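Below: the structure, in structure tokens.
The values are calculated or read from the model by the stated rules, or taken from the named source; none is laboratory data. Since the model is a prediction, treat every value here as computed from it, not as a measurement. A quick note on method: Cβ atoms are made from the backbone with ideal geometry, for glycine too, and the neighbour counts reach across all protein chains shown.
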Amino acid sequence: MPRPTYAPIADRGYADPSALVSTEWVAEHLVDPKIRLVESDEDILLYDSGHVPGAVKIDWIDDLNDPLIRDYLDAGRLQALLRAKGINSDTTIVLYGDKNNWWACYAFWVLRLCGVENLRIMDGGRALWEKEGRPLVTDKPTYPAGNVTVGARNDRKIRAFRDEVLAHVNGKKGPLVDVRSPEEFRGERLHMVEYPNEGATRGGHIPGARSVPWAKAVNPESHTFRPASELRQLYEQENGVKPDGDTIVYCRIGERSSHTWFVLTYLLGHKQVRNYDGSWTEWGNSVGVPIERP
């Protein structure tokens, strides 16, 4: 099978091309002690079946979420997690995963909540790495404890809460982007296609939201992000999401929308983008909030 073809990251016109690294770059840095590869997948068993050599695993359920409160780890527990993965203050964290880096972007967003800055996404994720015939191993690496310091969590800059979304809707303050499937947007399903139909008591979308499914940002053949010109056409020209606007993105629990948050923030350079991680499981179960259907 021929390897997928795609333009180099530097040639795609991104606002911050340094947020991405190529599979080739990763292959050249597999033994670099200042690089820590981190796999984060929807399929939490996938890492054990084979992963990029030297990569550690972050489980989006057990590692990033508080076990009791519907919230993420606080700074102290996140710091302990990263140190246990051998991450130091000067380590570059390269995240990748399945589903076109859907969960890798989610982990990226959660780390940014606590101000972790030295982050990258491996463009193409697991799918491209495998298509290119690059090695996967099953041995689990161990590293000496790291010394990274994680700051206090700041939810206000890149995270939106229900009441803020409601004020956004009522005040028509800026774009809302619904990144779920068209079936979910129309209220025909309460979950993704090919998944159990559950998650909320009502279907539909937040009033005024534009439907831009998250995967449209990715080339389905190479699994790499589309060039900035195509992304601008999709978000800015076709759906009115402006670079200087106050944009809120959402999905069902905030994971797919973190992928769109990454695209708008890092690849297109939009100034204010917030991820509503309560998303439809909260909105569709809330008493009295407005819902639209086509």
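Points to keep in mind about this one:
- Candidates in region 70-96 are the residues that are part of a helix (DSSP H, G or I) and of a type in the set (D, E, K, R); of these, the one that is surrounded by the most Cβ atoms within 10 Å (Cβ to Cβ) is Arg83.
- When Val249, Val289 are screened for being in a strand (DSSP E or B) and either under 12 Å from the mean Cα position of the chain (by Cα) or of a type outside the set (D, E, K, R) (or both), only Val249 passes.
- For Lys99, the test of being surrounded by 16 or more Cβ atoms within 10 Å (Cβ to Cβ) and more than 28 Å from Glu230 (Cβ to Cβ) is failed.
- Sub-9 Å Cβ pairs linking a first residue in region 236-251 that is over 20 Å from Trp280 (Cβ atoms) to a second residue that is among the acidic types (Asp, Glu), at least 6 apart or interchain, are Lys242/Glu236; Pro243/Glu236, ordered by first then second residue.
- Of the residues making up region 38-69, those that are in contact (Cβ under 8 Å) with a residue 40 or more places away in the chain, more than 15 Å from Leu136 (Cα to Cα) and surrounded by fewer than 12 Cβ atoms within 10 Å (Cβ to Cβ) number 0.
- Ser257 among the polar types (S, T, N, Q), free of Cβ contacts under 8 Å to residues at least 60 places away in the same chain and either touching a Ser or Thr at 6+ places or on another chain (Cβ under 8 Å) or under 26 Å from Ser22 (Cα atoms) (or both): no
- Cβ-Cβ under 6 Å pairs, at least 6 apart or on other chains, region 105-130 side without any contact (Cβ under 8 Å) to a residue 24 or more places away in the chain and assigned by TED's automatic domain parsing to the domain that holds Thr23, far side surrounded by fewer than 24 Cβ atoms within 10 Å (Cβ to Cβ) and of a type in the set (Ser, Thr, Tyr): none
- Just one residue in the set Ile44, Ile61, Ile87 is within 19 Å of Ser257 (Cα to Cα) and of a type in the set (Val, Ile, Thr); that residue is Ile61.
- Failed criterion for Val110 (all others in (1) part of a loop (DSSP other than H, G, I, E, B); (2) at pLDDT 95 or above; (3) among the aliphatic types (A, V, I, L, M) hold): (1)
- One residue alone among Leu30, Leu46 is at pLDDT 95 or above and more than 19 Å from Trp103 (Cα to Cα), and that residue is Leu30.
- Within region 149-170, residues that are under 17 Å from Val249 (Cβ atoms) have Cβ atoms under 7 Å from residues that are acidic (Asp, Glu) in these pairs: Arg159/Asp277; Arg162/Glu282, counting only partners at least 6 apart in sequence or on another chain.
- Lone unmet requirement of (1) without any contact (Cβ under 8 Å) to a residue 24 or more places away in the chain; (2) in a loop (DSSP other than H, G, I, E, B); (3) not β-branched (Val, Ile, Thr) for Gly187: (1)
- Among the residues listed as Arg226, Arg186, Arg232, the single one being more than 21 Å from the chain's Cα centre (by Cα), at pLDDT 95 or above and of a type outside the set (S, T, N, Q): Arg186
- For region 189-207, filtered to residues that are within 26 Å of Asp246 (Cα to Cα) and more than 23 Å from the chain's Cα centre (by Cα), the residue that is surrounded by the fewest Cβ atoms within 10 Å (Cβ to Cβ) is Pro207.
- From the options Asp123, Asp139, residue that is surrounded by 15 or more Cβ atoms within 10 Å (Cβ to Cβ), farther than 27 Å from Ala200 by Cα and among the acidic types (Asp, Glu): Asp123
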